[in-house]
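The structure under discussion appears below in the form of structure tokens.
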Amino acid sequence: MARLRLQGIEKSYGNVHAVRGVDLDVAEGEFTVLVGPSGCGKSTLLRCIAGLEEVDAGTVTIGDDAVNNVRPRDRNLAMVFQNYALYPYMNVRENIAFGLKARRTPADEIETRVRRAAGMLGIESLLDRLPRQLSGGQRQRVAIGRAIVRDARLFLFDEPLSNLDAQLRDEMRTEIKRLHQELGKTMIYVTHDQIEAMTLADRIVLLREGVIEQAGAPLDLFERPVSRFVARFLGSPPINFIPGRLVDEAGAGLAVRCGEDAVFALPPERAAALASRAGSDVILGIRPEHITGRAHVGGRRGHFVPHRVVIDLVQPTGTRLHGTFTLAGIEVLAELQAHDVERPGETIEVLFDMQRAIIIDPTSDRVIQGD
């Protein structure tokens, strides 16, 4: 187990600047997820850590050692790839043991480690099978098993679940989370799936066009995004963005006016912080789960502002439903309880939790924190 430090990492491919001056510290035992859209530089950054790509500038430090000039095989890392990379003519036992044999580990120790890894992953009964006799999820378990038998300093995962169906992805996320808790190893995980990032990470590093847009604990990014990009990337269903204006309403104080008749008063502390921006155009960001029916607020803490809406579209999801309505010319999604509305065309009162909303500067697309 080791700490990882990246300082000023740069990587280009011709005219494509894939990684732009990335600085990152990963603590010992931390599970860090690199996430972002395709082309943001997350896999390139992982390959730079592994030594599979040579950095153009900057320093990669693992533990106390700068490893820029150290070959991948000598960095003592374990890596799990998207395509499993199993040897087709070796059985499961031989695939898991391959790296240990290459390092001349004693046979009895190899068997002990293979058995332990297989037990952790629930594949003890598959040790004599060939890869072609396995399902996709079983193959991915074997690939992970081959990594965890190593006494590696870092464990690197490059979109390991992207080839699996939704149910298997859910199962494997649980397995990987459990493995991290049991092993306590430093893990760096690359994905484009924000649900994987939220469920697995101790810390999320969200990349955009080769730079870190925001890094922090999953709930920090979800509840306190620094930009419209971060707010939009995390959350399912996605956050609503509604154009508005900060206004000083008589009797309501500072509020966001959206369209002609929708006025959403801000909590007193938010109003005080944003008072100097009265009269400015803004974007109100509010997640569907923060727009709810009055009967279901109960004892929840928040700053709830009512507004009557006509539900245009009803999408049941079981105990909840997604109701769509129009506000300020924008389709807005609310996450309601199953029987809040029965059919399209109904008018209901919904509550906007303005304590949980964010206010965005439409020019910079940055969240306004207040003056």
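We did not get these values from a lab; they are worked out from the coordinates using the rules stated. What you see is a predicted model, and the numbers here were worked out from it, not measured in a lab. Glycine also receives a Cβ, built like all others from the backbone with ideal geometry; neighbour counts cover every protein chain displayed.
Numbers below:
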read-out: Mean Cβ count within 10 Å, highest first, over the residues of peptides 64-70, 177-183, 144-150; value: 144-150, 177-183, 64-70
read-out: Extension gain, Thr363 back to Ser280 (0.36 nm per residue minus Cα-Cα distance, nm); value: 28.8 nm
read-out: Rg/Rh ratio calculated on Cα atoms of the stretch 13-112 (Kirkwood radius); value: 1.02
read-out: FRET E, pair Thr61, Gln82, Förster distance 30 Å, beta-carbon r, rounded to 0.05; value: 0.70
read-out: Over 26 Å (Cα to Cα) - which of Lys101/Lys185; Lys42/Lys101; Lys42/Lys185 fall in this group; value: Lys42/Lys101
read-out: Per-pair calculated FRET efficiency, R0 = 51 Å: Asp220 and Arg116 via Cβ, rounded to 0.05; value: 0.90
read-out: Computed lengthening from Gln355 to Leu183, 0.36 nm per intervening residue step minus Cα-Cα distance; value: 58.0 nm
read-out: Separation of alpha-carbon centers, the stretch 1-73 and the stretch 206-257, rounded to whole Å; value: 28 Å
read-out: At 0.692 mPa s and 37 °C, Stokes D of the stretch 299-370 from Kirkwood alpha-carbon radius, µm² per second; value: 239 µm²/s
read-out: For Ile148, net neighbour charge (Lys/Arg +1, Asp/Glu -1) across residues whose Cβ lies under 11 Å away; value: +3
read-out: In nm, spacing of pseudo-spin labels at Leu130 and Arg20 (7 Å Cα→C-beta vector); value: 4.9 nm
read-out: Length gained when the stretch Gln167-Ile330 is fully extended (0.36 nm per residue, less Cα-Cα span); value: 55.3 nm
read-out: Under 15 Å from Lys177, Cα to Cα: aspartates and glutamates that are on another chain or at least 8 residues apart; value: Glu30, Glu159, Glu196, Asp202
read-out: Translational diffusion coefficient (Stokes-Einstein; Kirkwood radius from C-alpha pairs) of the stretch 215-371 at 20 °C, 1.002 mPa s, in µm²/s; value: 134 µm²/s
read-out: For the chain, the fraction of alpha-carbon pairs in successive 20 Å shells from zero, as %; value: 25, 45, 26, 4, 0
